[in-house]
1. Cβ-Cβ distance below 7 Å, separation of 6 or more or different chains: which pairs start in the stretch 73-94 with a residue that is surrounded by fewer than 20 Cβ atoms within 10 Å (Cβ to Cβ) and end on one that is modelled with pLDDT of 90 or more and of a type in the set (Asp, Glu)?
2. Among ALA30, ALA83, ALA75, ALA26, which is the only one that is modelled with pLDDT under 90, part of a helix (DSSP H, G or I) and among the hydrophobic types (A, V, I, L, M, F, W, C)?
3. Looking at the stretch 12-57, which of the residues that are touching a helix residue (DSSP H, G or I) at 6+ places or on another chain (Cβ under 9 Å) and hydrophobic (A, V, I, L, M, F, W, C) is surrounded by the fewest Cβ atoms within 10 Å (Cβ to Cβ)?
4. Being touching an Asp or Glu at 6+ places or on another chain (Cβ under 8 Å) and surrounded by fewer than 18 Cβ atoms within 10 Å (Cβ to Cβ) is the filter here; which residues of the stretch 95-105 pass it?
5. Would you confirm whether or not the stretch 47-61 contains a residue that is acidic (Asp, Glu), free of Cβ contacts under 8 Å to residues at least 40 places away in the same chain, at negative phi and touching a Ser or Thr at 6+ places or on another chain (Cβ under 7 Å)?
6. Would you mention how many residues in the stretch 102-136 are assigned to a strand (DSSP E or B) and over 17 Å from the mean Cα position of the chain (by Cα)?
7. Any idea which of (1) of a type in the set (A, V, I, L, M, F, W, C); (2) within 19 Å of LEU10 (Cβ to Cβ); (3) exposed (fewer than 13 other Cβ atoms within 10 Å of the Cβ) is the one ALA63 doesn't satisfy?
8. For the stretch 33-54, give me each residue that is of a type in the set (S, T, N, Q), closer than 22 Å to LEU127 by Cα and not in a loop (DSSP other than H, G, I, E, B).
Amino acid sequence: MSAQKGKDLLIKIGDGGSPETFATVAGLRATTLAFNAQSVDITNADSTDQWREILAGGGVKSATVTGSGVFKDAASDESIRSAFFNATTPNWQIVIPSFGTVQGAFKVNSLQYEGPYDGELKLNLSLASAGALSFTPA
């Protein structure tokens, strides 16, 4: 895979329809997707040379998404606010250029508005996976 433009990493929120339509969260300047996996330590007195042993297939997988930027699209902004204040877990898509799309339910864990007196209104959000995620290669 060759170098890609960071602006092409997109966060999209679903409308809950059937079929579901996804809207790009507009105005984001920086986005991050992180996959996490907790391990289950099964080290015991019989472990070879007391090396740590990890239970294969054990633990909890999760993903977090963060984004920051400016307001540009009232519809996607309202969807995010609604998901936060109603504590819902809508479907989201994270589009990774030339790699694929991660899709699944996420909860808006953090929604921050920043308004410097001499600048634009800014948005910061943090999402936490709320179920199994799927990956579709590009």
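1. These pairs meet every condition: ASN91/GLU20.
2. ALA75
3. Looking at residues that are touching a helix residue (DSSP H, G or I) at 6+ places or on another chain (Cβ under 9 Å) and hydrophobic (A, V, I, L, M, F, W, C), I get ALA30.
4. If the condition is that a residue be touching an Asp or Glu at 6+ places or on another chain (Cβ under 8 Å) and surrounded by fewer than 18 Cβ atoms within 10 Å (Cβ to Cβ), then PRO97 is the only one that fits.
5. For the stretch 47-61, residues acidic (Asp, Glu), free of Cβ contacts under 8 Å to residues at least 40 places away in the same chain, at negative phi and touching a Ser or Thr at 6+ places or on another chain (Cβ under 7 Å): present.
6. Residues of the stretch 102-136 assigned to a strand (DSSP E or B): 102-114, 122-129, 134-136.
Right, trim to over 17 Å from the mean Cα position of the chain (by Cα) and you get 113-114, 122.
Final tally of qualifying residues: 3.
7. Result: ALA63 fails condition (3) only.
8. Passing the criteria: only ASN36.
The values are calculated or read from the model by the stated rules, or taken from the named source; none is laboratory data. These numbers come from a predicted model, not from an experiment. Glycine gets a Cβ as well: all are built from the backbone with ideal geometry, and neighbour counts include every protein chain shown.
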